[in-house]
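So the structure is just underneath, and the comments pick up after that.
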Amino acid sequence: MDGDFRHEFVRERGALKQHPALVLNADYRPLSYYPLSLWPWQEAVKAVWLDRVDIVAEYDTVVASPSTRIRIPSVVVLKDYVKPRKRVAFTRFNLFLRDEFSCQYCGSRGDLTFDHVVPRAAGGITSWENVVAACSPCNLKKGSKSLRRAGMSLRKVPRRPTAGELNNVGRKFPPNMLHDSWMDYLYWDAELEA
C-alpha cells in the first residue's frame, strides 16, 4: 500500500519512535485502528501507576524514579470496557476514511479535497449522503454542475458509515511503524487463510 498519502493523517509521527503503547479495550481489541489507538509512553506509565490498565507487553527500555523502576509498556489493556461510539462524527478525516482516501470519481489518491455531489448552488446540503472525497482535478471538472451535466459518475453511493465500518476500513491503513509486540493484538479477528 502506498503510504505517501497517509503522512498528513498520522498524529505525531516522531512519537512513534519514542516507545508508544498500543491501547486495547478490555476485550483485547484496539480502541481504534485508524488512527491506531496509541498513547505516549508517559501516558501508559501513568495509567499503570493509577491502576487503570494492565501491562500485556513491554519494551526493553526502563524508566526510573527515585523509588521505582518500570519497563516501558508496549501494549496495555484497559481494566474497564469502553463502549464504542455508535454515531460517527461528520469530519473531513472520517469522510476521507469512509472513501478510503481516494477520489470517488476517478480513484486517485493524491491531492484530496471534498465535493458536494448535488452542488450547494443547486440546494445540496453538507451531509454524509451528499459529500465525497474528490481529487482537485475532478473537483474542478465537476464544479457546480450535476453529475450528469459534468459527464461524471460516482464509484459508490455516499452514505453515513457506522463506527464498525470505519474501523474495518481503518484496518487497511496501518501506521508507518508497527512494533512486533503489537502484532498479536492487531487484526486477530481477521479470517485466516486455509
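The values are calculated or read from the model by the stated rules, or taken from the named source; none is laboratory data. This structure is a prediction, so every number in the text was calculated from the model and none was measured. Positions of Cβ are backbone-derived with ideal geometry, glycine not excepted, and every protein chain shown enters the neighbour counts. When the accessible area is computed, the model is the full protein with side chains, heavy atoms only, and any ligands, DNA or RNA have been set aside. Shrake-Rupley method; radii C 1.70, N 1.55, O 1.52, S 1.80 Å.
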- Would you check if there is a residue in segment 154-163 being in contact with a strand residue (DSSP E or B) (Cβ under 7 Å, 6 or more places away or on another chain) and either more than 30 Å from Asp27 (Cβ to Cβ) or crowded, with 17+ Cβ neighbours inside 10 Å (or both)? yes
- Could you give me the residue pairs with C-beta distances under 7 Å whose first residue belongs to segment 53-70 and is aromatic (Phe, Trp, Tyr), whose second residue is open to solvent by 60 Å² or more (accessible area, probe 1.4 Å) wherever it lies, and which are 6+ apart or on separate chains? Tyr59/Arg71
- May I ask you to list the residues in segment 17-46 that are farther than 20 Å from Asn168 by Cβ, of a type outside the set (Lys, Arg), open to solvent by 60 Å² or more (accessible area, probe 1.4 Å) and modelled with pLDDT of 90 or more? Trp39, Trp41, Gln42, Glu43
- Answer with yes or no whether Val88 is surrounded by 14 or more Cβ atoms within 10 Å (Cβ to Cβ), assigned to a loop (DSSP other than H, G, I, E, B) and in contact (Cβ under 8 Å) with a residue 12 or more places away in the chain. yes
- Message: Residues to consider are Val82, Val117; find the one that is in contact (Cβ under 8 Å) with a residue 40 or more places away in the chain, out of contact with any helix residue (DSSP H, G or I) (no Cβ under 8 Å at 6 or more places or on another chain) and closer than 30 Å to Pro158 by Cα.
- Response: Val82
- Task: Answer yes or no as to whether Arg109 is among the basic types (Lys, Arg), touching a residue at least 24 places away in the same chain (Cβ under 8 Å) and outside any helix (DSSP H, G or I).
- Result: yes
- Set Ser144, Ser127, Ser136: member being touching a helix residue (DSSP H, G or I) at 6+ places or on another chain (Cβ under 6 Å) and surrounded by fewer than 16 Cβ atoms within 10 Å (Cβ to Cβ): Ser144
- Message: Just to be sure before I move on: is Val75 touching a strand residue (DSSP E or B) at 6+ places or on another chain (Cβ under 6 Å) and either of a type in the set (A, V, I, L, M) or under 30 Å from Ser146 (Cα atoms) (or both) in the structure I sent?
- Response: yes
